[in-house]
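The values are calculated or read from the model by the stated rules, or taken from the named source; none is laboratory data. Small disclaimer: the values here were computed from a predicted structure and weren't measured. A quick note on method: Cβ atoms are made from the backbone with ideal geometry, for glycine too, and the neighbour counts reach across all protein chains shown. All accessible areas refer to the heavy atoms of the entire protein, side chains included, with ligands and DNA or RNA removed. Shrake-Rupley method; radii C 1.70, N 1.55, O 1.52, S 1.80 Å.
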Amino acid sequence: MALAWALPSSASPFISSLQTRKQAYNFASSRNSFQRFVTRSSFSDSSAGLFLAAKHAVDSYVKSGMVIGLGSGHASALAIQYLGQQLRVGAIKDVTGIPTCVGSASEAAKAGIPLEQYNDSYKIDLAFDDADTMEEETLAAIIGRRKLQGDDSIIQEKIILEAADKLILIIKEKQFKGSVDGSIPVLIKSVNWLETAEEIDDLFLGDAEVWRRPAIGYAGPLGGDFPLVTKEGHNILDVIFTSPMESLVEVAKTLDQIDGVVEHGVIFRNPCTAIIASENGLQIVDNTIQMESSNL
């Protein structure tokens, strides 16, 4: 299982409450050829690799005068810190940051980046974010596996990422996979949440388990006495695929059709650029250009 926190592989408690209504979801997808660049610069640990990826995101894509969506996660924090350094030395000027979460707002404030809260009148030129995992063929990614802090919102994060003219996702090589497994966070209406959870469980019967995320500590599949309630008033289900999905994009489309589902952590954008950090350097994959691999 891709998650760092192990969960039991036993059948979900939702299964017995409904007759099986499992529906087939079509995983047929066309194979895309992306442009791939490789930078050769070896480093000994993943933190160094993520810093190089963060630096590349700023140096290669951020320009003076831009409005930038500031993502969450370790690599995004490094990119925010480096962007602040570039602003202080005058290499980049007149940048405005739109934070996607409490953590990115805090990092940006410390780095001296001017901030604005998002509203739909803003034109966001570029956004960068950490991806929890990514599907190689489509560059579809999962975000939102992390524990939410304060007023963090997966909904707000996705709105900002999807509003940007260009999206940069930073990821470690081991999380860039041909087939993705592990959890997808799914935001659902808290009213009648159990019916929604049962429907999701039936749809992916045998492929995934459904757990309601608790607000604190560890709880069972029902979320315990204190299930997490987002600032919008929704619950989060962690739909945990115990075997690789054939198509993350098709799973997302299936979730979109379920009554009670408000949003989920799958993001699929075109244009999108993935910066993949490995011990051997960076791989840059862009889904907007249909070319074969080349080296920088």
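Evaluating residue 152 against the criteria (1) charged (D, E, K, R); (2) over 27 Å from residue 69 (Cα atoms); (3) touching a residue at least 40 places away in the same chain (Cβ under 8 Å) leaves one unmet condition, (2). Taken together, the criteria place residue 124 among residues that are assigned to a loop (DSSP other than H, G, I, E, B), in contact with a strand residue (DSSP E or B) (Cβ under 7 Å, 6 or more places away or on another chain) and either β-branched (Val, Ile, Thr) or surrounded by fewer than 16 Cβ atoms within 10 Å (Cβ to Cβ) (or both). Being open to solvent by 30 Å² or more (accessible area, probe 1.4 Å) and either in contact with a Leu (Cβ under 6 Å, 6 or more places away or on another chain) or basic (Lys, Arg) (or both): is that true of residue 158 here? No, not satisfied.
Taken over segment 193-215, the criterion of being closer than 17 Å to residue 145 by Cβ and either exposed (fewer than 15 other Cβ atoms within 10 Å of the Cβ) or free of Cβ contacts under 8 Å to residues at least 24 places away in the same chain (or both) is satisfied by 214, 215.
Name every residue in segment 164-192 that is open to solvent by 40 Å² or more (accessible area, probe 1.4 Å) and either more than 26 Å from residue 96 (Cβ to Cβ) or not in a strand (DSSP E or B) (or both), in order of residue number.
Scanning segment 164-192 gives 165, 172, 173, 174, 175, 177, 178, 179, 189, 190, 191, 192.
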